[in-house]
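Notes for the one structure printed next.
The values are calculated or read from the model by the stated rules, or taken from the named source; none is laboratory data. As the structure is a computational prediction, the values presented were derived from the model and not from experiment. Neighbour counts run over all protein chains shown; Cβ positions are idealised from the backbone, glycine included.
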Amino acid sequence: MLHNRAAACVGGSLVAVLLFAGCTSLPSGRTSTAPETGSAPAESAPPVPRDTDFNSADLEFVTTLIQRQQEAIELVKTFRDKPDVNEEVSKLAADTQSSLEAELEELRGWLEAWGRTMNSLPPTDKAQSALNALKNASGLQASRLFLDQMIELNQEAIVAAENQLDDGKYEAANTMAASLIEERTAQVTAMHDLKESL
């Protein structure tokens, strides 16, 4: 089954920032030596086991989600700092932040297991514009705007998850993708309903 990959295309550029961990070496001809005190050299730590059962689709899924989770967390924090927003939306924001932070920790753990690191990226122009708009909003306007922004991010995450199930190899990522589609779809419906009630 083919899915619309348009909303997930932003993830492709993120894969390029991944670096192989531990790829630096000493210049040619140089070796480490024992300390001059005559003591035996310290034993090298064993290499960290790497999980190699993944492919480029897995990397794109993880890097796309990390970027989206970070953007969403910034929106949530900004919204929760506002004193005059809808109480029910504020509670939803608190629950969302806890969930996003847990997912983000798991995603970064996978990169570490794969022997990859991800450079810190500045927010996209779109994300920065959304954050600025939320900062300048207040009251009911801020509550509705926040819900619209979270709905959009959830929809982008759903598309990324659908692509992962099509092309991904890493079992844990596929499991997360399946759960994410179900959870985010329910959240989008709930957010639409909440917005209508405001």
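Values computed for the structure shown
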item: Among the candidates 129, 120, residue that is without any contact (Cβ under 8 Å) to a residue 40 or more places away in the chain, more than 17 Å from residue 54 (Cβ to Cβ) and in a helix (DSSP H, G or I); result: 129
item: In segment 99-127, the residues that are surrounded by 12 or more Cβ atoms within 10 Å (Cβ to Cβ) and of a type in the set (Asp, Glu); result: 101, 103, 106, 112
item: Odd one out for residue 153 among (1) touching a helix residue (DSSP H, G or I) at 6+ places or on another chain (Cβ under 7 Å); (2) farther than 21 Å from residue 78 by Cα; (3) part of a helix (DSSP H, G or I); result: (2)
item: Flag for residue 172 being assigned to a helix (DSSP H, G or I) and either more than 14 Å from the chain's Cα centre (by Cα) or acidic (Asp, Glu) (or both); result: yes
item: Test: residue in segment 49-57 that is modelled with pLDDT under 95 and touching a helix residue (DSSP H, G or I) at 6+ places or on another chain (Cβ under 6 Å); result: yes
item: Failed item in (1) under 14 Å from the mean Cα position of the chain (by Cα); (2) modelled with pLDDT of 95 or more, with residue 120 passing the rest; result: (2)
item: Test for residue 162: is it out of contact with any Cys (no Cβ under 8 Å at 6 or more places or on another chain), surrounded by 14 or more Cβ atoms within 10 Å (Cβ to Cβ), under 27 Å from residue 79 (Cα atoms) and not hydrophobic (A, V, I, L, M, F, W, C); result: no
item: Pairs, first more than 14 Å from residue 145 (Cα to Cα) in segment 72-92, second among the basic types (Lys, Arg) and surrounded by 17 or more Cβ atoms within 10 Å (Cβ to Cβ), C-beta under 6 Å, six or more apart; result: none
